[in-house]
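S.K.: This is the structure, below, for whatever I ask next.
The values are calculated or read from the model by the stated rules, or taken from the named source; none is laboratory data. Computed from a predicted model, the values in this text were never measured in an experiment. Positions of Cβ are generated from backbone atoms using ideal geometry, with glycine treated the same way; all protein chains shown enter the neighbour counts. The accessibility values were calculated without ligands, DNA or RNA, using every heavy atom of the protein model including side chains. Shrake-Rupley method; radii C 1.70, N 1.55, O 1.52, S 1.80 Å.
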Amino acid sequence: MTGAPLETLSEHTCFGGCQGFYRHASAAIALPMRFAVFVPPQAAKGPVPVLFYLAGLTCTEETFPIKAGAQRVAAELGLLLVAPDTSPRGAGIPGEADAWDFGVGAGFYLDATQAPWSAHWHMERYITEELPQVVGEHFPADLSRCGIFGHSMGGHGALTLALRHPALYRSVSAFAPIAAPSQCPWGEKAFTGYLGADRQTWRAHDASALVADGHRCPPILIDQGLADPFLPTQLHPDHFEQVCAQAGQPLTLRRHPGYDHGYYFISSFMADHLAHHARHLG
């Protein structure tokens, strides 16, 4: 990966740092991939901790930088923020963009094993292996201090990747995550398409099942809005809370009356999440 080319799409001075948008040829995805990086002002003096944000269904690499309101606090705390796209794009697979909850914009942060998706849908490998290498090559990132967080599908990704790769991440949090995907329509659709019909294989990508099966990660912070329309059918934070309590996995689950599933909710508690990560990343 040394010297991998990186195309700068745009860069913008922001709270004394730089918010940039970039594209590169991904070996893991076998297609071009876009991602966003906010470099805080502290990086002028040397490498800083890195926080990876995984966005939800239908989102892109632009969603988090534009909507979450994270740069001001990240600039104060000295955190480098990385926001990748949510799936491969331009693969040309028939039907790849027919549904908003599967295919384009819906990578679910796993490596597909079923054709035709297995040719390009390698989001786990991309997030955990290739993207950190690219970030480390081109930005002042201290890759020994990485955290991960996300929203909805991205919250699912943050939880599962932290549980599956505990050596990579020193901090983890989520907003309204799909916490038991094997038990909800979104997860059942994605897992069947990407992984096949054998539900036993799904457990390796289900945060609740991973904790029940013995996987552990740093203490988790989750915020959930109680006016979230997806709460009753798609998210299952109560089940995840029960599993973590039984297994001894540290979890703080905060429930907020009146808040829904969108970025008004996320931006309301973004400072708390960044502070959570800063404490663990040092």
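S.K.: What number of residues within region 1-30 are among the hydrophobic types (A, V, I, L, M, F, W, C), loosely packed, with under 15 Cβ neighbours inside 10 Å and in a strand (DSSP E or B)?
M.R.: 2
S.K.: In addition: So how many residues does region 31-40 have that are open to solvent by 30 Å² or more (accessible area, probe 1.4 Å) and more than 16 Å from the chain's Cα centre (by Cα)?
M.R.: Residues meeting the conditions: 1.
S.K.: Right, another one. Could you figure out which of (1) farther than 19 Å from Leu81 by Cβ; (2) open to solvent by 30 Å² or more (accessible area, probe 1.4 Å); (3) within 21 Å of the chain's Cα centre (by Cα) isn't true of Leu226?
M.R.: All conditions pass for Leu226, except number (3).
S.K.: Right, next: Against the conditions (1) surrounded by fewer than 17 Cβ atoms within 10 Å (Cβ to Cβ); (2) over 18 Å from the mean Cα position of the chain (by Cα), where does Gly193 fall short? Just the number, please.
M.R.: (1)
S.K.: Report yes if Asp260 is assigned to a loop (DSSP other than H, G, I, E, B), free of Cβ contacts under 8 Å to residues at least 60 places away in the same chain, acidic (Asp, Glu) and open to solvent by 20 Å² or more (accessible area, probe 1.4 Å), otherwise no.
M.R.: Details: assigned to a loop (DSSP other than H, G, I, E, B): yes; free of Cβ contacts under 8 Å to residues at least 60 places away in the same chain: yes; acidic (Asp, Glu): yes; open to solvent by 20 Å² or more (accessible area, probe 1.4 Å): yes.
In short, yes.
S.K.: Check off (1) touching a helix residue (DSSP H, G or I) at 6+ places or on another chain (Cβ under 8 Å); (2) assigned to a loop (DSSP other than H, G, I, E, B); (3) within 19 Å of His138 (Cβ to Cβ) for Val37 and give me the number that stays unchecked.
M.R.: Here Val37 clears every test but (2).
S.K.: Additional query: Among the candidates Leu274, Leu210, which residue alone is surrounded by 22 or more Cβ atoms within 10 Å (Cβ to Cβ) and either at positive phi or in contact with a Lys or Arg (Cβ under 9 Å, 6 or more places away or on another chain) (or both)?
M.R.: Being surrounded by 22 or more Cβ atoms within 10 Å (Cβ to Cβ) and either at positive phi or in contact with a Lys or Arg (Cβ under 9 Å, 6 or more places away or on another chain) (or both) holds for just one of Leu274, Leu210, which is Leu210.
S.K.: Return the residues of region 192-212 that are part of a helix (DSSP H, G or I) and out of contact with any helix residue (DSSP H, G or I) (no Cβ under 8 Å at 6 or more places or on another chain); say none if nothing qualifies.
M.R.: If the condition is that a residue be part of a helix (DSSP H, G or I) and out of contact with any helix residue (DSSP H, G or I) (no Cβ under 8 Å at 6 or more places or on another chain), then Thr192, Gln200 are the ones that fit.
S.K.: Could we say that Gly56 is assigned to a strand (DSSP E or B), crowded, with 17+ Cβ neighbours inside 10 Å and not acidic (Asp, Glu) here?
M.R.: Taking the combined requirement at face value, the residue does not satisfy it.
S.K.: Mind telling me which of the residues Ala212, Ala180 ends up being more than 17 Å from the chain's Cα centre (by Cα), more than 30 Å from Pro41 (Cβ to Cβ) and modelled with pLDDT of 95 or more?
M.R.: Ala212
S.K.: What is the residue count in region 92-121 for residues that are crowded, with 18+ Cβ neighbours inside 10 Å and farther than 24 Å from Val172 by Cβ? Don't jump to the end; show me each part of the working.
M.R.: Of all residues in region 92-121, those crowded, with 18+ Cβ neighbours inside 10 Å come to 96, 102-112, 117, 120-121.
Pick out the ones that are also farther than 24 Å from Val172 by Cβ and you get 96, 102-104, 117, 120.
Final tally of qualifying residues: 6.
S.K.: Among the residues of region 1-29, which ones are touching a strand residue (DSSP E or B) at 6+ places or on another chain (Cβ under 8 Å), more than 14 Å from Val82 (Cα to Cα) and either modelled with pLDDT under 95 or of a type in the set (Gly, Ala, Ser) (or both)?
M.R.: Result: Ala4, Pro5, Ser10, Ala25, Ser26, Ala28.
S.K.: What are the pairs with Cβ atoms under 6 angstrom where one residue, in region 216-236, is free of Cβ contacts under 8 Å to residues at least 40 places away in the same chain and the other, located anywhere, is assigned to a strand (DSSP E or B)? Sequence gap at least six, or different chains.
M.R.: Matching pairs, first to second residue: Leu226/Arg255.
S.K.: Follow-up. Test of understanding: among Glu76, Glu61, which residue is at pLDDT 95 or above, open to solvent by less than 30 Å² (accessible area, probe 1.4 Å) and among the charged types (D, E, K, R)?
M.R.: Glu61
S.K.: Which ones in region 123-175 are aromatic (Phe, Trp, Tyr) and either touching a Cys at 6+ places or on another chain (Cβ under 7 Å) or open to solvent by 30 Å² or more (accessible area, probe 1.4 Å) (or both)? Break it down stepwise before answering.
M.R.: Pass one, region 123-175, residues aromatic (Phe, Trp, Tyr): 126, 139, 149, 169, 175.
Within region 123-175, Tyr169 is the sole residue that qualifies.
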